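Student: Here's a structure for you.
Here, each number is a calculation from the coordinates, and none is a lab measurement. Small disclaimer: the values here were computed from a predicted structure and weren't measured. Note that we place each Cβ from the backbone using ideal geometry, even for glycine, and neighbour counts take in every protein chain shown.
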């Protein structure tokens, strides 16, 4: 299973049409179909069914959808953190209650960015 297959699966689940999915991903319909078939073979489950409205997720496809979203988020986070590790200073994660995020936290982050621009060793 590769991330391109996951992206293809999620896009097709969203747009529900092979042609539209192919256009969005700049691929041919046969390439989309092949990726989905390979993913289905790896999972040994049918993920989509054809219907009058296009391609609909099967029950197994609906179950896999949540996992595919999680895999995609995990991959994006890994890429992002890897890029950050190239920069001096490392990574800082901050969590806050939503009440503070809008008022206090956003201003504080903006101040940190300004400080970092003037003194990158911070």
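Student: With each pseudo-label sitting 7 Å past Cα toward Cβ, what's the residue 114-residue 1 distance in nm, one decimal?
Tutor: 4.6
Student: Set the Förster distance to 25 Å, then compute FRET efficiency between residue 83 and residue 107 from the Cβ-Cβ distance, nearest 0.05. Intermediate results must be reported in sequence, preceding the final value.
Tutor: Working: r = 25 Å, r/R0 = 1.01.
Taking R0 as 25 Å, the efficiency between residue 83 and residue 107 is 0.50.
Student: Once both labels are modelled 7 Å past Cα along the beta-carbon direction, what's the residue 65-residue 44 spacing in nm?
Tutor: 2.5
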